[in-house]
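This report refers to the structure that appears directly beneath it.
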Amino acid sequence: MPESPLTAALLDAAALLLPVVCAGCGADDRALCATCAAAITPAPLRRRLPDGTPVHAGIAYGGVVRQVVVAMKDGRPGLARRLAPLLVAAVAAAGAELADGPPVELCAVPSTRRARRRRGYDPVPLLLARSGLGVARVFAPARPHPAQKTLTRAERAAHLDGVFRVRRLVAGRRFVLVDDVVTTGATLAAASAAIRASGGEVLAAAAVASTPRRVGDLPADPAGAPWGLPSGAW
Ligand SMILES: [Zn+2]
């Protein structure tokens, strides 16, 4: 999002009173420097969940994108505004693929009550709000589940069993699920399964960012891009 000279001047003035560092690179004085802001320009990509559900992301997850997303989730909610264009791009790409039919609603993958209390905000609904996108309230807060970073996909799936609970009538409704980041896709798969088990339909998913396909992960998607990223970019 380009800044006007006035906006830039105001941000610089604010930085004198409220010292900040760039969420992307750690440079002094700006919440997001111009170089890092340019690095989070939408470059949509597409994957599939194991059940074939298309997953659209606004950009590949890694480097500056990862730094900014982690900072947004970890105490700097103001960065949601800077990430919103990525989510808008992902939702637009998902929408462009949908066939005509009954209305489709956006639905946020829920966080746990504890995570929300710890942060003081809920990243995915915040991203949706900053994107100007309405959201259907479908899920109860997620049940507590172990941190997943070191687990395989099969282990993640087992840990996510029963974590997502639908609390509204979803039978006959159609959804695009929204999350912040997609890695293995296990979270989206578990949330989709909960909606489908209650009679709802999940047509696609959208996220701010997604890792590229990894060996043993989601099946190859010929329509997807850009999996041929240089190694080391991640
Ligand atoms: Zn920076």
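The single residue among Arg66, Arg47 that is within 14 Å of the chain's Cα centre (by Cα), buried (at least 19 other Cβ atoms within 10 Å of the Cβ) and basic (Lys, Arg) turns out to be Arg47.
Going by the structure shown, is Val215 touching a strand residue (DSSP E or B) at 6+ places or on another chain (Cβ under 6 Å) and either modelled with pLDDT under 95 or in the same structural domain as Leu45 (by TED's automatic domain parsing) (or both)? Spelling it out, it is not the case that Val215 is touching a strand residue (DSSP E or B) at 6+ places or on another chain (Cβ under 6 Å) and either modelled with pLDDT under 95 or in the same structural domain as Leu45 (by TED's automatic domain parsing) (or both).
No other residue among Gly78, Gly24 is more than 19 Å from Leu177 (Cα to Cα), modelled with pLDDT under 95, in contact with a Cys (Cβ under 6 Å, 6 or more places away or on another chain) and not aliphatic (A, V, I, L, M) apart from Gly24.
Give the range 24-61 a look and list any residue that's basic (Lys, Arg) and part of a loop (DSSP other than H, G, I, E, B), or say none. Selection gives Arg30 alone. Set side by side, the residues Ala171, Ala142, Ala205 differ, and just one is surrounded by fewer than 16 Cβ atoms within 10 Å (Cβ to Cβ), at pLDDT 90 or above and among the aliphatic types (A, V, I, L, M), which is Ala171.
The values are calculated or read from the model by the stated rules, or taken from the named source; none is laboratory data. Just so we're clear, the structure is a prediction, and the values are computed from it rather than from any experiment. FYI the Cβ positions are ideal-geometry reconstructions off the backbone, even for glycines, and counts take in every protein chain you see.
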